[in-house]
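The values are calculated or read from the model by the stated rules, or taken from the named source; none is laboratory data. Remember, it's a predicted structure, so these values are computed and weren't measured experimentally. Here Cβ is always computed from backbone atoms with ideal geometry, including for glycine, and neighbour counts include all displayed protein chains.
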Amino acid sequence: MKILRRTAAALLALIIVLTLILWQMPPQLLRVGANYSAKIVCSNVFLAARDPDEVLRVDVQAPGIALLRFMRVSVDREHGVVRAGFLGFIGDGIAIARPGKGCTVLPDGRLAALSDTTTGGMPPQLESTALWPDGSAVETHAAIDRILANDELAGPGARALLVVDHGRIVAERYASGFSAGTPLLGWSMTKTVMAGLIGMLVKDGKLSLDQAGFWPARTGDGRDRIRVADLLAMSSGLKFNEAYGSVSDVTSMLYLQPDMAGFARSQPLAHGIGEVWSYSSGTALILSSIMQDAAGGDGEAFARERLFKPLGMSSATLELDEHGTLVGSSYMYATARDWARYAQLLLQEGVWQGQQLLPPGYVAMMATPVAASGGQYGHGQVWLWGSDGKVPGLDPDAAFGIPADTFWLSGHDGQSIAVIRSRQLIIVRLGLTPESLGYSTQALVKAVLEAT
């Protein structure tokens, strides 16, 4: 018995020591998980008005990463602060919500530095009986309604489905707890919005696609020759590991780095500039930084005044990192209707209500294939094949009879917008559908095409 007691006491002491070590010096993986949990809960509580316990359970823990099942969160609604940690206290995850700015992860915990009440958001859009996009009224299409009601076509975890035919919403469907007024995260669909903002600055004459010199020439490694066009085409040559589920370049950037663009810019060249296509969220953060500098330092105001307001995207929020750079790779929230407004702008070749917001020919450039991508990606942060099209040489769109002039906005966990130019169709599908579930949007798009 004495031996058992001594053994138990030794084990308890070891557990206490290990716990203290983890608390004082948490491994990077626990810090990534804690900051991810805090960020997702924060944005969904303060932007989408969802219940924090539901968000933790459904959005953070349910997709299946074992580590996240042990995360616990606390929400301080008065100060807009969400804290998260492994078992509730390991990892020091923290995110802060600010009016008009969404939520920001604070990897170094400098809460006081961002505890401001700066607004800058847009007033809610007034309800109007005019048809969308001029107002909130929608037409109905019984056959497409039936397609969207088909759970197999909608896919597991679908939260918002919406179809625009020749500039009018003709059908939409929302999961329980979500509505036409719920802002939803687009993840990497945000990259396509950033490409549009870059285009607006090109039209203003403040940027050019051939512009380079965003790294000092004295580095001597050639990075100063990387052009805006190379970044838009994901062909910068910069090293960047886009793998999720572990501590990689992308998870480190999003959840451990106060200055995300600075981290991405610090990466060395791994390939010749323009020679290799390599999908990279770091590239989008560099473009965000370039966009903000060209816009006079306030990229948030530029996006709001020059893009969101003209399009009536009153729900759209581009969130920032701790350094103040828009997270143009991943963090835009908007309702399905407002995501559709941006897609409609692209479908209309950058023209909105008679105003040319993007340079003539810019959208065509965006959707021109990058040769090094095997045809799956365009020169302006759009996918030319749908969700299963990330295997070079395998075009699932063709297998489903989807027109060749289709391009896609695509994001993590099943976010997608198909823009079908020859049919004047837009199909928005937002939700929480991990890639492991094997769902692809092509069957839904095919059914809508057949119904129109």
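Of all residues in segment 147-177, those satisfying the criterion of being not in a strand (DSSP E or B) and not aliphatic (A, V, I, L, M) are Asn150, Asp151, Glu152, Gly155, Pro156, Gly157, His166, Gly167, Ser176, Gly177. Checked against (1) surrounded by fewer than 23 Cβ atoms within 10 Å (Cβ to Cβ); (2) out of contact with any Ser or Thr (no Cβ under 6 Å at 6 or more places or on another chain), Pro403 meets all criteria but (2).
Answer yes or no as to whether Thr219 is more than 30 Å from Lys39 (Cα to Cα), without any contact (Cβ under 8 Å) to a residue 40 or more places away in the chain and assigned by TED's automatic domain parsing to the domain that holds Glu435.
yes
Of the helices (runs of 4 or more DSSP H) lying entirely inside segment 178-282, the ones with 1 or more residues being more than 30 Å from Gly135 (Cβ to Cβ) and among the small types (Gly, Ala, Ser) are found at 228-232, 249-256, 260-265.
Could you tell me which residue of segment 25-56 is nearest to Tyr331 (Cα to Cα), considering only residues that are charged (D, E, K, R) and in a helix (DSSP H, G or I)?
Checked segment 25-56; the qualifying residue nearest to Tyr331 (Cα to Cα) is Lys39.
Look at (1) touching a His at 6+ places or on another chain (Cβ under 8 Å); (2) aliphatic (A, V, I, L, M); (3) crowded, with 23+ Cβ neighbours inside 10 Å and you find that Ala334 fails only one, number (1). Taking the condition of being surrounded by fewer than 20 Cβ atoms within 10 Å (Cβ to Cβ), at pLDDT 90 or above, touching a strand residue (DSSP E or B) at 6+ places or on another chain (Cβ under 8 Å) and not polar (S, T, N, Q), how many residues in segment 67-78 meet it? Number satisfying all stated conditions: 3. Residues in segment 79-89 that are touching a Phe, Trp or Tyr at 6+ places or on another chain (Cβ under 8 Å) and surrounded by fewer than 23 Cβ atoms within 10 Å (Cβ to Cβ): Gly80, Leu87, Phe89. The single condition among (1) surrounded by fewer than 22 Cβ atoms within 10 Å (Cβ to Cβ); (2) at pLDDT below 95 that Gly389 does not satisfy is (1).
I want to confirm something. Restricting to segment 230-251 and keeping residues that are crowded, with 19+ Cβ neighbours inside 10 Å and farther than 16 Å from Pro268 by Cα, which single residue is nearest to the chain's Cα centre (by Cα)? Among them, the one singled out is Thr251.
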